[in-house]
Structure formats: structure tokens, C-alpha cells
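Everything below concerns the one structure shown next.
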Amino acid sequence: MSEFTLTASILKRNAEGQSAFVPYMMAGDGGLDVLHERISFLEEAGADAIEIGIPFSDPVADGEVIQEAGSRALRNGVTLRKVMSELQAQKHSVPLVVMTYLNPVLAYGVSEFAENCEEAGVKGLIIPDLPHEERRLLSGALVGKDIALVPLISLTSSAERIEKIARTAEGFIYAVTVNGITGVRSGFGSDLMDHLTNLKRVSNVPVLAGFGISAPEQVRAFSPVADGVIVGSAIVTAFHEGNLEKVKTLIQADRTVVRP
């Protein structure tokens, strides 16, 4: 089992008989001056890790809600370097997971980015457009650092590819629950639960379900079959609308569900 802090945080929640909750927020949506305030709010509300999105002009995995949040952040002049500077300025107790795309990291400089992530207390990286075969572009700079390079596995991945990715997975496996981009969904495919069960069978790290999960009842539904959930669009919308109670409700949704 991985010794990454990110993994340990998820396993700690699982050991309590509950699934982990990882909220996603867009850095700079509402201004960078509220970044730490929102991270602290999510910490206090019970998040087990926090995924921090970096605004990008050409996202490939983001649905409408997150694209709009990214556009607002870009209009505020937010960049990857500015976000990293903010994260370095203040430490938080919950593992932070940065979600960005490959081009901004390459422009930043891979080694410098890795060093700055370590200095900022970042414990995980999600790079949606980084193919598994090219993970060495970042993995070399992360050697010796407590920063997991989290893989995504889709519903359409072959059994051979799933096992290949699972063998080297770090932090957790991000199990994409829909075919397509992020965004609120009213339901999921009938084969999804079998897919998650299979991922847990072949994985040495926790399996978290994400994409489209937006309501308390959906969060609870995934608790028996996944080690945790990632909720993005619903959290982004709630922050944008100032509905902090909704954020708390989502985070606490599965705390009464006992996992098998």
C-alpha cells in the first residue's frame, strides 16, 4: 500500500467505516484573496483532501460549470504560478491536490513546479491530459517527494490498461464515473458499480469516484462501493452562489453510511 500522505488521509476515513470526501474548488474563482478562506472552510467542514483546480484556457475534462469558474478566474488574472505562490504562503492540515493541465506545468518548469508543490504542502497532482505512458515527464521530478501522481481511469478503459495503470497508481485512483466531461448528472450507467468493484479488486490504493456526483443521495450511493467520492461542479456552484450550507451538506452526506 502506498505511503503517501494523501493515501493515508483516505484510509483513515475508511478505517472509521466511512468513505472519504474530496471537494473540488477552482482557484481564483471569486479572487485569490478568498483561496485560503475557502480551503479552511472545507477543512473545517470535514473534507479528507481538497482538489484545487487551476484555471486554463483550453480544458479538456471540464464541464460548463467548471469552465465558467475557470473563465472567471482567468479574468481575475489567476495563473498557476500565482496560485502556487498563494499556497506556499499558508499551510493547511488537509492534503491538497492540484488539478491542472500539462502545458502550464511545462511552461512553469517541471522541476521548479515540483519543488514549489512540495514547499506548498501539495500532496497530490491530477493531470487529465497526461497519458499514463508519458507520466515520466513528471514522475522523475517527484521522486523522494510526498506528492502522488494520481491517475484517472475511464469506463471505457480495457482490462489490460486498467491493470497496467493500477500497478503504478499513487495516492488514489480517480475513477471517472461517466463517459464525457465533468458536470451534474441525474444518474449513472448500470455497469458503473461493477466497474468500481473491479477497480478496487486490482488496485493497491483507494478508489475514488468522480465526475457528475452532485447530490447527497448520490454521495451516499457510492459509499458502499468506492473508498470515497470527488464532488466538483456542485461545490463550485455553491461557492459561487455563497451557499455554504450546501457545501456542508454534501461533505456530511455519507457520514452516517457504514461501509462494508
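The values are calculated or read from the model by the stated rules, or taken from the named source; none is laboratory data. It should be emphasised that the depicted structure is a prediction, and the values quoted were computed from it without experimental measurement. Ideal geometry is used to build each Cβ from the backbone, glycine not excepted, and the neighbour counts take in all protein chains shown. When the accessible area is computed, the model is the full protein with side chains, heavy atoms only, and any ligands, DNA or RNA have been set aside. Shrake-Rupley method; radii C 1.70, N 1.55, O 1.52, S 1.80 Å.
Brief remarks follow.
- For region 216-257, the relative contact order works out to 55 percent when only alpha carbon pairs closer than 8 Å and six or more residues apart are counted.
- Shape of region 23-147, Cα gyration tensor, a/c cut at 1.5: oblate
- Annotated for region 1-156: lysine pairs at least 8 residues apart or interchain, Cα distance under 20 Å, count 6.
- Set against the labelled values [x] -0.53, -1.23; [y] -0.62, -1.39; [z] -0.74, -1.05, log10 I(q)/I(0) by the Debye sum over Cα atoms at q = 0.11, 0.16 Å⁻¹ computed from this structure falls on [x].
- Averaging the sequence gap over all C-alpha pairs within less than 8 Å and six or more residues apart, then dividing by the number of residues, gives region 76-234 a relative contact order of 16 percent.
- Each residue of region 22-28 was assigned a 3J(HN,Hα) from its phi angle through the Karplus curve 6.51 cos²θ - 1.76 cosθ + 1.60 (θ = phi - 60°); the sequence is 10, x, 9, 9, 8, 5, x Hz, with glycine and proline shown as x.
- Per-residue surface analysis assigns residue 194 an accessible area of about 110 Å², computed on protein heavy atoms at 1.4 Å probe radius.
- The label-point distance for residue 145 and residue 246, in a model that sets each label 7 Å from Cα toward Cβ, rounds to 3.5 nm.
- Heavy atoms of residue 163 accessible to a 1.4 Å probe, total area in Å² rounded to 10: 80
- Each Lys or Arg adds one and each Asp or Glu subtracts one; over the other residues with Cβ under 15 Å from the Cβ of residue 81, this totals -3.
- Length gained on full extension, residue 115 to residue 71, computed as 0.36 nm times the residue gap minus the Cα-Cα distance: 13.1 nm.
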